[in-house]
Amino acid sequence: MRIETKSSTNIILFIKISTIVVLMTFSGTSKVAFSQQSIVDDAAVTTQRSFQLESWYGAFESELVPAVALTSRLEAGAAFVFDSKDNFSFTGYSLEVKAVSADFEETGSAFGLFAGFGFDESSSFEELITYIPYSRVILNDSSALHLNLGLSLVDAGDDWEAGVIYGVRTDIALHERFTLLTEVFAENDTFGFQAGGRVGIVPGLLEMDIMYGRGFDSYAEFPGFTLGLAFTPDAVW
């Protein structure tokens, strides 16, 4: 039997409240929203001497994702996950790190290396994900192409299950404040897609993604409709 301390309960409550506050601050009075971050990652890190805060509320799960750039090419962050279908209950968290070879928007392309370590609500290690993202600017430097290839290891009880993860994403700029997002992703031979748009509410500071995705098989409904907000201020120290 797991005994949850008062301090850990307060931490979980604080994270829940923080997620709700961020969403209410930037989402107006809407009572229903759906979100999930892009599944195919880019070879980029947040601004050095600053931080990034993403808040996602989705049909299946919701996340609060803070990150900070340790250097111009190295980022560390975390993701706190909640079950949207079970009264917003806390289901676990992950610790993440990503390094990139360059600023792909300046150089035209870049590689990266990502590693994420997932834990359940009782802090038991249950998942490892690592992949190499590749990003390249396209269409006269107005848009971007992203490729991912990596591995996942998941605790299946008696053993660990391994999977190959891969995908492709395009960010097509249609306007200074609107970008069309499309991605196809897979684990082994199970494929899915997600598409939607990114709105620059305050360009360079606050962006909103509205997406819909599901598996290619008729029974695979994840991730569904999603809404995400990213707060990315310039250098603050």
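Values quoted throughout were computed directly from the atomic coordinates according to the rules given, and no laboratory measurement underlies them. Quantities reported herein were computed from a predicted structural model and do not represent experimental measurements. Every residue, glycine among them, receives a Cβ derived from its backbone with ideal geometry; neighbour counts consider all protein chains shown.
Give a quick list of chymotrypsin sites (Phe, Trp or Tyr not before Pro) in the range 201-236 that DSSP marks as loop, anything other than H, G, I, E or B, with at most 11 other Cβ atoms within 10 Å.
In loop regions of the range 201-236 (DSSP not H, G, I, E or B), the sparsely surrounded chymotrypsin sites (Phe, Trp or Tyr not before Pro) are 216, 219.
Compute the distance from the alpha-carbon center of the range 165-237 to that of the range 107-152, in whole Å.
14
Can you check how the C-alpha radius of gyration of the range 6-231 compares to 2.2 N^0.38 Å, as a plain ratio? Could you put the intermediate results ahead of the total?
Working: Rg = 17.1 Å, N = 226, 2.2 N^0.38 = 17.3 Å.
The reported ratio for this selection is 0.99.
Sorted by average packing, counted as other Cβ atoms within 10 angstrom per residue and highest first, what order do 86-93, 200-207, 109-116 take? Kindly include the intermediate steps, with their values, before the conclusion.
Details: 86-93: 14.6, 200-207: 13.0, 109-116: 18.1.
Highest to lowest by the protection proxy: 109-116, 86-93, 200-207.
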